[in-house]
Structure formats: C-alpha cells, structure tokens
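Participant: My structure is below; once you've seen it, I'll send some questions.
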Amino acid sequence: MRMVVTTAHKPDQQQVNRAKSLSVQLECRYVPRRHFKPIKDEVVIIVERDGISAMKDGKRLFFHPSLAVLRKSNFELGQRDYLIESLSLCGNEKVLDCTLGLGSEAILIAHYLPEGKVKCLESSKIIKMIVEYGLKAENLPDWIADASKSIEILEGDYKEFIRNTEEKFDCIYVDPMFEHPELKSTAMNSLRPFADYSGITSEDLEIMKGMATKRIVVKARWNDSIFEKYRFDRVIGSLKSNIGYGVIEL
Ligand SMILES: C[S@@+](CC[C@H](N)C(=O)[O-])C[C@H]1O[C@@H](n2cnc3c(N)ncnc32)[C@H](O)[C@@H]1O
C-alpha cells in the first residue's frame, strides 16, 4: 500500500515534526500540506493537532470513541450489552481481542476489567496506528484514558499470533469484518478501505480452545455463515441490530 504523510492545514511545528518522524517510521514520503496533491490509490496519513487520520478512496478514517461512550452509558442505564454479557467478566481476566478495529469494544472490555488486561491485535498497520495515537490523545474522557492503560495493541495477524504463542488468556474475542456488511454504519464504512477481510476458520477456533481457559466469543451478523458452520454453546444478541455473539464455554 503506497503511503504519504502530511499534516492538517496550518500545522504548528510539533505537527510538522511528528509528520516527519512518522514518515521515517512508515518509510514513506513526507509532503508539507501546502505542496500536497492527492495521487490515486495512495493512502494519505494526516497528522492532526490531536491525533492522526488516514484518507483512501475519498474515505477518512480517524479515531472516535463515541460508540464506546454510547454503549457504556446505555449499559449503565440498564440496557443489555451483549458483548459484556457474552464475556461474563469477573474483572480480573486477561482477554485477547483478536480484531481491534476502531477499538470501541476493546475500550469497553478494558473498562469492565479493573484488574485485568486486554491484548489487542490488528493486522492493518494504518488502523493500528490511528487507534494507538487516538488512545493517547489528551482530550479523552477520564474513563477511556483509564481503560487505555490496560490495553496493549500489537500490529499483526491473529492467525499467526495464535499459532506462535505460548501465552494463555481467560477469554478470546474475535470480531471479523461481516460477510454481509451493514453499509449504513458510518464507523465501519470509514474502516473498510483499510481493513483485513480474512474470516475465522474451524482450525483457528480449535487453536483458540487450547489457549483460552474460560470462553471464546465470536461476533457476526445473524445471516453470516459463522453461526451455521461452527458449534457455539449459545448465541446472544439482538435481532433488531442483526448482530449476534457466539459463545464457546471451555
Ligand atoms: C469489525 S472490525 C472490529 C471492530 C472492533 N470490534 C471495534 O470495536 O471497533 C474488524 C477488524 O479486525 C481486523 N482484522 C481482520 N482480520 C484480522 C486478522 N486476521 N488479524 C488481525 N486483525 C484482523 C480488521 O482489519 C478490522 O480492523
């Protein structure tokens, strides 16, 4: 994937410095914003005042924890949250989130794990970088800043990770890109051009069963093939949102 780094308009010196060092890290060109001209198929990394964003195919990806904020407040108002329910956390677990994405669910999991840890994997370099920078921003709500302290993010394919680690986890969570996407989801639409679309296999699940001690949870739409292909002890979720969480108890 060809990349170029620039800044937002009217950058301060800190932004320029960050953009230059990011271009070294990513081994790509740095172009000052005033000289910047988009080139077809090139991913543009933009260093903003308080984070970074990426543009591809006219779609802009940036970190925004609003979904995590909404889900936490709904949960605290007494609404069900099927992710939290399906993981049945005690609060001190070690969780592997195989598919970080925009990090909303990792943030929620970490918040309900006051003494636990969440290790997250993301195979897209760009998505990983944006979420990692986003979680370090200064203007985050306190509870997200606290949750982020127990989140570790690694760049990599979870399929490789699970085949090469000796590490054990209490719970493993996987949220692959849906087979039948919800094109009305603005958050997911911005992620799509950068995302890895690999699906979960029965061999992945078998390996995970040897790595986790409590449960494995897989998220999918009700009409995705996952819930037909693999055996789950239960699937919970809302028919209205068309999203289910399949649970394998260990
Ligand atoms: C549906 S999104 C996850 C959304 C996430 N649960 C959230 O709260 O934002 C799926 C993410 O997993 C990543 N992904 C897909 N397959 C992967 C793999 N094999 N290894 C690591 N990351 C993967 C995609 O690039 C994408 O960012």
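The values are calculated or read from the model by the stated rules, or taken from the named source; none is laboratory data. These figures come from a predicted structure and were not determined experimentally. For neighbour counting, all protein chains shown are included, and Cβ atoms are generated from backbone atoms with ideal geometry for every residue, glycine included. For accessibility, only protein heavy atoms count, side chains too; no ligands or nucleic acids. Shrake-Rupley method; radii C 1.70, N 1.55, O 1.52, S 1.80 Å.
Participant: Would you be able to tell me the number of residues in region 189-227 that are in contact (Cβ under 8 Å) with a residue 60 or more places away in the chain, of a type in the set (Lys, Arg) and not in a helix (DSSP H, G or I)?
Facilitator: The qualifying residues number 3.
Participant: From the list GLU249, GLU155, exactly one residue is within 14 Å of the ligand (Cβ to nearest atom) and open to solvent by 60 Å² or more (accessible area, probe 1.4 Å). Which is it?
Facilitator: Result: GLU155 is the single residue among GLU249, GLU155 that is within 14 Å of the ligand (Cβ to nearest atom) and open to solvent by 60 Å² or more (accessible area, probe 1.4 Å).
Participant: Taking ASP97, is it surrounded by fewer than 23 Cβ atoms within 10 Å (Cβ to Cβ) and among the acidic types (Asp, Glu)? Spell out how you get there, then give the answer.
Facilitator: Values: surrounded by fewer than 23 Cβ atoms within 10 Å (Cβ to Cβ): no; among the acidic types (Asp, Glu): yes.
Considered against the rule, which asks whether it is surrounded by fewer than 23 Cβ atoms within 10 Å (Cβ to Cβ) and among the acidic types (Asp, Glu), ASP97 comes out as no.
Participant: Here's a check for you: in region 180-201, which residue that is touching a Phe, Trp or Tyr at 6+ places or on another chain (Cβ under 9 Å) and at pLDDT below 95 is surrounded by the fewest Cβ atoms within 10 Å (Cβ to Cβ)?
Facilitator: Selected residue: MET188.
Participant: Quick one: count up the residues across region 165-179 that are of a type in the set (Asp, Glu), away from the ligand (no atom under 12 Å from the Cβ) and touching a residue at least 40 places away in the same chain (Cβ under 8 Å). Steps first, answer last, please.
Facilitator: Taking region 165-179 and keeping what is of a type in the set (Asp, Glu), we get 166-167, 170, 175, 179.
Still in the list and also away from the ligand (no atom under 12 Å from the Cβ): 166-167, 170.
Those left that are additionally touching a residue at least 40 places away in the same chain (Cβ under 8 Å): 167, 170.
Looking only at that region, the number is 2.
Participant: So ILE162 fits all but one of (1) open to solvent by 30 Å² or more (accessible area, probe 1.4 Å); (2) of a type in the set (A, V, I, L, M, F, W, C); (3) within 14 Å of the ligand (Cβ to nearest atom); (4) in a helix (DSSP H, G or I); what number is the exception?
Facilitator: All conditions are met except number (1).
Participant: Could we say that LEU113 is away from the ligand (no atom under 12 Å from the Cβ) and either in contact with a Leu (Cβ under 8 Å, 6 or more places away or on another chain) or in a helix (DSSP H, G or I) (or both) here? Even if it seems obvious, please write down each step before you answer.
Facilitator: Details: away from the ligand (no atom under 12 Å from the Cβ): yes; either in contact with a Leu (Cβ under 8 Å, 6 or more places away or on another chain) or in a helix (DSSP H, G or I) (or both): yes.
Spelling it out, LEU113 is indeed away from the ligand (no atom under 12 Å from the Cβ) and either in contact with a Leu (Cβ under 8 Å, 6 or more places away or on another chain) or in a helix (DSSP H, G or I) (or both).
Yes/no per residue for (1) closer than 26 Å to ASN242 by Cα; (2) more than 13 Å from the ligand (Cβ to nearest atom):
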{"position": "LEU83", "(1), (2)": "yes, no"}
{"position": "GLU93", "(1), (2)": "no, yes"}
{"position": "GLU105", "(1), (2)": "yes, no"}
{"position": "LYS125", "(1), (2)": "no, no"}
{"position": "LEU140", "(1), (2)": "no, yes"}
{"position": "ILE151", "(1), (2)": "no, no"}
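Residue-wise test of (1) under 30 Å from GLU167 (Cα atoms); (2) open to solvent by 20 Å² or more (accessible area, probe 1.4 Å); (3) of a type in the set (Ser, Thr, Tyr); (4) assigned to a helix (DSSP H, G or I).
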{"position": "THR6", "(1), (2), (3), (4)": "no, no, yes, no"}
{"position": "ARG34", "(1), (2), (3), (4)": "no, yes, no, yes"}
{"position": "LYS40", "(1), (2), (3), (4)": "no, yes, no, no"}
{"position": "ILE46", "(1), (2), (3), (4)": "no, no, no, no"}
{"position": "MET55", "(1), (2), (3), (4)": "no, yes, no, no"}
{"position": "LEU70", "(1), (2), (3), (4)": "no, yes, no, yes"}
{"position": "ILE109", "(1), (2), (3), (4)": "yes, no, no, yes"}
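Participant: ASP175: within 15 Å of the chain's Cα centre (by Cα) and open to solvent by 20 Å² or more (accessible area, probe 1.4 Å), yes or no?
Facilitator: yes
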